[in-house]
Amino acid sequence: MALRTPHSALFWGWVLKLRIALGVAVLFAVALTGLYLYSTSRPRGEAGRVIVPEVLHAGDTDFDYYRTKVAITEPLGEVATNLKGDRIAVISGTLVNEGDQRLEAVELKVTLRNRQGQALREEIKTPVQPGLAPHKPLGKLDSRPFTFWVENIPQEWDPRRVDLYIHGLKFVR
């Protein structure tokens with residue numbers, strides 16, 4: 001076995017490997033820090049809802065006019081379990097923009113009901129939003145499928161009883 005002295009090739013090979021490993025570790029740490037800062041910099045409301053600034057809601061004349069031009073087709077509710085074993089509602093469908101404006105964000109209000117039609121849970125979700133990769137605004141006369149979930153659903157929820165409404169819109173400026 002050769003000695004590792006400052007003048008041997010084995011020593012310098014070992015030093016080079018150590019420098020490469022340290023460089024990769026530093027790059028990894030910088031990338032994780034950047035990802036953490038990005039994920040915490042977005043404004044959030046209640047758990048699972050991202051708040052997009054400047055979204056128009058009911059009462060705004062532009063929203064009231066354009067809401068009739070955005071349709072939700074093929075809505076579907078399913079029961080699933082997450083990795084913790086909790087029941088979740090998986091809601092999917094297709095958003096159809098039948099108007100002449102491009103939409104940067106679309107908020108949906110989902111209401112889960114039991115068999116008697118009583119509302120069990122309401123949540124607001126944003127399936128089209130800036131920063132959601134791959135982000136591309138919902139174009140004029142365009143459609144896009146969406147899927148989101150609602151956690152901790154009540155046992156009484158009937159998957160055939162899902163109400164979806166357009167709750168907010170943000171136009172591309």
Report task. Between I51 and V15, with labels modelled 7 Å along Cα→Cβ, what's the label distance in nm to one decimal, could you check? Result -> 5.6 nm
Query raised in the report: Among T147, T94, T61, T126, which comes first, second and so on when ranked by fewest other beta-carbon atoms within 10 Å?
Result: T61, T147, T94, T126
Query raised in the report: Which of the trypsin sites (Lys or Arg not before Pro) found in segment 66-106 are in a DSSP loop and have at most 13 neighbouring Cβ atoms, other than their own, within 10 Å?
Result: K84
Report task. Give a residue-ordered list of calculated ³J(HN,Hα) values for segment 89-94 (Karplus: 6.51 cos²θ - 1.76 cosθ + 1.60, θ = phi - 60°; whole Hz; x for Gly, Pro). Result -> 9, 9, 10, 9, x, 9
Query raised in the report: Relative to the present Cα-Cα distance, how much length would full extension add between L141 and T94 at 0.36 nm per residue of separation?
Result: 15.6 nm
Report summary line: Here the convex hull volume per residue of segment 61-171, taken over Cα atoms and given in Å³, is 101 Å³
**Report entry** Integer Hz, Karplus 6.51/-1.76/1.60 couplings in order for segment 155-160, x for Gly and Pro
**Finding:** 4, 6, 5, 9, x, 7
Query raised in the report: How many nm is it between the label spots at D163 and E151, if each spot is 7 Å from the Cα in line with the beta carbon?
Result: 2.6 nm
**Report entry** Segment R115-V79, length gained on full extension (0.36 nm per residue, minus Cα span)
**Finding:** 11.5 nm
Requested in this report: Compute the long axis of helix 9-41 from its Cα atoms, compare it with the longest principal axis of the Cα atoms of the chain, and write down the angle in degrees, 0 to 90, nearest 10.
Outcome: 20 degrees
Requested in this report: Eight or more residues apart or on different chains, and alpha-carbon atoms under 25 Å: count the Lys pairs in segment 61-171 matching that.
Outcome: 15
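Quick note: the coordinates plus some simple rules give every number you see, no bench work behind them. Everything quoted here is computed from the prediction, not taken from an experiment. Heads up, the Cβs are rebuilt from the backbone with ideal geometry, glycines too, and the neighbour counts pull from every protein chain shown.
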